[in-house]
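Derivation of every value follows stated rules applied to the coordinates shown; laboratory data play no part. In this text, all values refer to a predicted model and were calculated from it rather than measured experimentally. Backbone-built Cβ (ideal geometry, glycine too); neighbour counts: all protein chains shown.
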Amino acid sequence: MMMAPYSYVAGLEGKTREEALNEIKELRKEIKRLRAAIEEEVHSAEWRHSPSPDVRISVYYDYIDAAKEYFKEQGWEYEPSQEERRDTEFNERLELIKSIDIAISAPTSLRGSVARRFMFNGEEVEVRPFFSLKPPVIEDVSLKIIEERTKSEIIDELREIHMGRWKHKNRIIHGFVLDGTEWSVKIRYSDGKTTMFSGINSYPFNFADFLELMKIDW
C-alpha cells in the first residue's frame with residue numbers, strides 16, 4: 001500500500017527548500033524510470049510488482065502536486081520541470097479545443113480498429129466516425145457515444161489525464177518488423193494549431209484512462 005499525498009508532504013516538514021526540492025527530483029527520476037520500463041519495454045518486469053507501475057506513477061505525480069501546494073504554503077519558489085511546464089501549457093490550451101481525432105489500428109488483433117472524431121461546438125459535443133487514408137482504419141461499431149456530455153465536462157476530465165506529460169511519439173520495435181497496434185490522437189484548436197500524439201505497440205502510462213474518458217471500448 002502506498003502512502004497518501006498528505007503523508008508524503010508530512011515527510012517534507014522540517015526540511016529546507018533545497019532538501020524538499022531534492023526529494024521531488026528523486027520522485028521525478030523514479031517516474032522517469034518506471035515510465036521507460038512500461039512505455040519502452042515489451043514485457044517489463046515492473047508489471048510483476050504491486051502496486052502496478054501505472055498506479056505508482058500516478059501516485060508519485062499526486063505527491064508532486066501535493067508538494068507544490070506545500071511550497072506555496074511555505075512561501076517557497078517551486079522549480080517546475082520541463083514536463084510540468086509542458087503539461088501546464090497543454091491544459092491551458094484545452095479551452096481552445098475544436099476537435100479530437102482518435103484512431104487505433106490493430107490488424108492482427110481480434111479487437112479490431114476504431115476511428116472517432118469528437119467535435120466541439122460551444123458546449124455541444126458531436127461524435128462521428130472518420131477514416132484515415134493510410135493505413136485504412138475499420139470503424140468499431142461498439143464505440144460508445146458521449147454526445148450527452150458537455151465540452152466543459154470533458155475538458156475538466158482531460159486536465160486530470162495530463163496529456164501534456166505524454167511523449168508525442170511512442171513506439172516499441174519487435175525485431176526488424178513494425179507491426180501490431182498503431183494509434184494516434186490529434187487535437188485541433190480554434191486558433192488553427194494542432195497537437196499530435198502517436199504510437200506503435202507503445203502507449204502512455206495512463207492511455208487506458210484516456211480511452212475510458214472518451215468512452216472508447218477497445
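Positive-end ranking of Leu96, Tyr189, Ile146 along the dipole of the chain, with charges on Cβ about the Cα centre, is headed by Tyr189. The lysines within cross-link reach of Lys98, meaning a Cα-to-Cα straight distance under 16 Å and a gap of 8 or more places when in the same chain, are Lys151, Lys186, Lys193.
Spin-label pair Thr194-Thr88: with each label point 7 Å from Cα along the Cα-Cβ axis, the two points sit 2.9 nm from one another.
Cross-link reach is defined here as a Cα-Cα straight distance under 28 Å, omitting same-chain residues fewer than 8 places apart; for Lys72 the lysines meeting it are Lys15, Lys25, Lys29, Lys32.
Among Tyr78, Tyr6, Tyr60, the order by Cβ neighbours within 10 angstrom, fewest to most, reads Tyr6, Tyr78, Tyr60. With Rh defined as the Kirkwood radius, the inverse of the mean 1/r over Cα pairs, the Rg/Rh of region 1-52 is 1.09.
Beta bridges per DSSP, both residues in the chain: antiparallel share near 90 percent. What FRET efficiency comes out for Lys186 versus Glu40 if R0 is 30 angstrom and r is the Cβ-Cβ distance? Round to the nearest 0.05. Working from the Cβ atoms, E equals 0.85. Annotation: the residues His43, His162, His49, sorted from fewest to most other C-beta atoms within 10 Å of their own C-beta, follow the order His43, His49, His162. Rounded to the nearest 10 degrees, the inclination of helix 82-93 to the longest alpha-carbon principal axis of the chain is 50 degrees. Rounded to the nearest 20 debye, the dipole magnitude of the chain is 800 debye, with +1 charges on Lys and Arg beta carbons, -1 on Asp and Glu beta carbons, and the Cα centre as origin.
Projecting label points 7 angstrom from Cα along Cα→Cβ for Ile155 and Glu19 puts them 4.2 nm apart. If the segment from Glu148 to Lys215 were pulled out straight at 0.36 nm per residue, it would be longer than the present Cα-Cα gap by 22.9 nm. The order of Asp217, Asp62, going from fewest to most other C-beta atoms within 10 Å of their C-beta, is Asp217, Asp62. What's the angle, to the nearest 10 degrees (0 to 90), between helix 17-40's Cα axis and the longest principal axis of the chain? Once rounded, one gets 30 degrees.
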